[in-house]
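Student: Sharing a structure below in structure tokens format, with a few things to ask.
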Amino acid sequence: MKASAGGYARARDLSHALDLLADADGMGRVLAGGQSLIAAMNMRLSTGDMLVDISRISDLSGVSVQGRRLRIGALTRHAELGRDALIARHAPLLAQAVNHIAHAAIRNRGTIGGALAHADPAAEFPACVLALDAVLHLEGPEGSREVRAEDFFVDVFETAIAEGEILTAISMPLAEPDEVQMLKEVARRSGDYALAGLCFVRRAGGVRLSVLGAGSTPLLARAAMARLDMEDIGGAVAALRGELNPPSDTQATAAYRRHIAGVLLRRIWEEIGGESA
Amino acid sequence: MSDVFRNKVDITLTVNGEEVEARVPAGRHLIDFLRLDLGLTGAHASCEHGVCGACTVKVDGDAVRGCLMLAAQADGAEVWTIEGMSDTGAIRDLQDAFVTRNALQCGFCTPGMLVACEELLTRDALPERDEIRDYLSGNYCRCTGYEAIVDAVEDVAKARRGLT
Ligand SMILES: Cc1cc2nc3c(=O)[nH]c(=O)nc-3n(C[C@H](O)[C@H](O)[C@H](O)COP(=O)(O)OP(=O)(O)OC[C@H]3O[C@@H](n4cnc5c(N)ncnc54)[C@H](O)[C@@H]3O)c2cc1C
């Protein structure tokens, strides 16, 4: 079908974008890479939006190291993250994720900020930022604020971004020298959304494990994390299966998704040289 | 409502090397603009939600979905479609290989397929067969079963590196 938009305006910079959103009387809609939004508009899931095109705001794009943190502009595209040297070094989980997201032509335009704001529970980046304990930086009419990834994902397609706010950047600690970051998932075909997937991070402070495709939001698997910190893989798999609440749909049943999550955890554990029990 | 939001947007861009000026409805996606307004019907509008790849065209050097970009967003962009890429001869070898290898039957997916294959070949000079398959997972072909397309891409990759 054909998209129906209420109107279109291109933002020159962040403050212009915020003004445009404020002007739109609640009908404003941020347009970044368009790889979810324009699809939704074409399907008429979203109509009459006053589109605020932020895609040309160059300040919101790019990766940098600031002190002991890695900062990623919200408009950095999936494809750029996939070939960025700082990402490969300091947040390799994100580079691994890129290989699983959609197809090349979509990765050429889709942005990390758009993927996080869209908050599809089956998407890779939301689960990644949860496992990496990232902070999301928001800018709104009342100024800026920061939200931890753990507090950001509220429900399916719903986040802590308030009306009139824009996600400007994501920041996270630099990976430690011995840190392990690994993403594993099962999808029916290359580029499809995963049936289930795991993001595993092990740093000095302990293991962080998040799950995608297994509930209404990406999930931080706290019970499994506690078991992994005790090197108890059997207990961790059982705990993980217990704390998931995955959907049953035409792709897979909830039981199968739970099963996959456990299998993936064992595979990660073996790959990093952990004892299997 | 503020009048800064436009229902119709004025754009200037280059398409296949020629400058184009137009006024487009805000919701018009790029592939409809190319096909219906400019008559460039090579790339196709099909699933219109980014899955099939039939609308793949080149924008500022990247293969993109023509159905997931608004024409309004192409202001200032450099767009290439299969028509222009054929006229310049830029992908003559790839097109010849598609014919030689029988890598198309109905041809519906071919314009998008060629744009995707060309991008793969510029990013990875000698892709493995499974890499080629992986890259083309976003371009549906319902005639060939892909085998012949993979053959064609592999042939061109080798030929361009002087390996045949
Ligand atoms: C065929 C297909 C397959 C896909 N497969 C996958 C997949 O396997 N895994 C995956 O993770 N994703 C997948 N995607 C989605 C893709 O990753 C999108 O690029 C991403 O979800 C949205 O990013 P965007 O920049 O295109 O955002 P847009 O489409 O522009 O915006 C999406 C939403 O976020 C809001 N938004 C965007 N940026 C901001 C911001 N900075 N601040 C506030 N709000 C903002 C918009 O208002 C909109 O509501 C797929 C998409 C397609 C079409």
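The values are calculated or read from the model by the stated rules, or taken from the named source; none is laboratory data. Here the structure is a predicted model, which is why all the values come from computation and not from measurement. Every residue, glycine as well, gets a Cβ built from its backbone with ideal geometry; the counts of neighbours run over all protein chains shown. These accessible areas exclude ligands, DNA and RNA; they are computed on the full protein's heavy atoms, side chains included. Shrake-Rupley method; radii C 1.70, N 1.55, O 1.52, S 1.80 Å.
Student: If B:VAL156 meets every condition in (1) within 14 Å of another protein chain (Cβ to nearest Cβ); (2) touching a helix residue (DSSP H, G or I) at 6+ places or on another chain (Cβ under 6 Å); (3) of a type outside the set (Asp, Glu) apart from one, which number is that one?
Tutor: It fails just one condition, (1).
Student: Another question, then. Do you know which of the residues in region B:1-19 that are part of a strand (DSSP E or B) and within 15 Å of B:GLY66 (Cβ to Cβ) is farthest from the other protein chains (Cβ to nearest Cβ)?
Tutor: Ranking the candidates gives B:VAL15 first.
Student: Output the residues belonging to region A:38-48 that are within 17 Å of A:GLY113 (Cβ to Cβ) and crowded, with 23+ Cβ neighbours inside 10 Å.
Tutor: The one that is within 17 Å of A:GLY113 (Cβ to Cβ) and crowded, with 23+ Cβ neighbours inside 10 Å: A:ILE38.
Student: Would you please list the contacts, defined by Cβ atoms under 7 Å and residues six or more apart or on different chains, that run from a residue in region A:33-46 that is more than 8 Å from every other protein chain (Cβ to nearest Cβ) to a residue that is assigned to a loop (DSSP other than H, G, I, E, B) and of a type in the set (A, V, I, L, M, F, W, C)?
Tutor: Partner pairs satisfying both residue conditions: A:ARG44/A:MET1.
Student: Pick out the one residue from A:LEU51, A:LEU31, A:LEU20, A:LEU70 that is closer than 14 Å to A:GLY110 by Cα and open to solvent by less than 10 Å² (accessible area, probe 1.4 Å). Break it down stepwise before answering.
Tutor: Working: A:LEU51 fails: closer than 14 Å to A:GLY110 by Cα; A:LEU20 fails: closer than 14 Å to A:GLY110 by Cα; A:LEU70 fails: closer than 14 Å to A:GLY110 by Cα.
Going through A:LEU51, A:LEU31, A:LEU20, A:LEU70 in turn, the sole match is A:LEU31.
Student: In region A:103-122, what count of residues is obtained for those that are away from every other protein chain (no Cβ under 14 Å) and either hydroxyl-bearing (Ser, Thr, Tyr) or open to solvent by 10 Å² or more (accessible area, probe 1.4 Å) (or both)?
Tutor: Counting residues in region A:103-122 that are away from every other protein chain (no Cβ under 14 Å) and either hydroxyl-bearing (Ser, Thr, Tyr) or open to solvent by 10 Å² or more (accessible area, probe 1.4 Å) (or both) gives 3.
Student: May I pose another question? Give me the pairs: first residue in region B:82-99 and over 17 Å from B:GLY61 (Cα atoms), second residue open to solvent by 20 Å² or more (accessible area, probe 1.4 Å) and hydroxyl-bearing (Ser, Thr, Tyr), beta-carbon distance under 9 Å, and six or more apart or on different chains, which are they?
Tutor: Partner pairs satisfying both residue conditions: B:ARG92/B:SER86; B:GLN95/B:SER86.
Student: All but one of (1) in contact with a Gly (Cβ under 8 Å, 6 or more places away or on another chain); (2) more than 23 Å from A:GLU275 (Cα to Cα); (3) open to solvent by 30 Å² or more (accessible area, probe 1.4 Å) hold for A:ALA223, so report the exception by its number.
Tutor: (2) is the only condition that A:ALA223 fails.
Student: Also: Given the residues A:ARG83, A:ARG145, which is the only one that is open to solvent by 10 Å² or more (accessible area, probe 1.4 Å), more than 9 Å from the ligand (Cβ to nearest atom), within 14 Å of chain B (Cβ to nearest Cβ) and of a type in the set (Lys, Arg)? Lay out the reasoning, then the answer.
Tutor: Values: A:ARG145 fails: within 14 Å of chain B (Cβ to nearest Cβ).
Sole residue among the options that is open to solvent by 10 Å² or more (accessible area, probe 1.4 Å), more than 9 Å from the ligand (Cβ to nearest atom), within 14 Å of chain B (Cβ to nearest Cβ) and of a type in the set (Lys, Arg): A:ARG83.
Student: Working only within region A:162-178, note down all residues that are within 21 Å of A:ARG69 (Cβ to Cβ), open to solvent by 30 Å² or more (accessible area, probe 1.4 Å) and in contact with a strand residue (DSSP E or B) (Cβ under 7 Å, 6 or more places away or on another chain).
Tutor: A:PRO173, A:LEU174, A:GLU176
Per-residue answers, yes or no, for (1) polar (S, T, N, Q); (2) at pLDDT 95 or above; (3) in contact with a Ser or Thr (Cβ under 9 Å, 6 or more places away or on another chain); (4) surrounded by 14 or more Cβ atoms within 10 Å (Cβ to Cβ):
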site	(1), (2), (3), (4)
B:SER86	yes, yes, no, yes
B:ARG92	no, yes, yes, no
B:GLN95	yes, yes, yes, yes
B:VAL99	no, yes, no, no
B:ALA103	no, yes, yes, yes
B:CYS109	no, yes, yes, yes
B:LEU121	no, yes, no, yes
B:LEU126	no, no, no, no
B:CYS141	no, yes, yes, yes
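Student: Only one of (1) part of a loop (DSSP other than H, G, I, E, B); (2) among the charged types (D, E, K, R); (3) away from the ligand (no atom under 16 Å from the Cβ) is not met by A:ARG202, so which one is it?
Tutor: For A:ARG202, the exception is condition (1).
Student: Pick out the one residue from B:ALA152, B:ALA157, B:ALA116, B:ALA148 that is in a helix (DSSP H, G or I) and in contact with a strand residue (DSSP E or B) (Cβ under 7 Å, 6 or more places away or on another chain).
Tutor: Exactly one residue qualifies, and that residue is B:ALA116.
Student: Residue check, A:ARG89 against (1) in contact (Cβ under 8 Å) with a residue 24 or more places away in the chain; (2) open to solvent by 10 Å² or more (accessible area, probe 1.4 Å); (3) within 13 Å of the ligand (Cβ to nearest atom), all met but one. Which one?
Tutor: (3)
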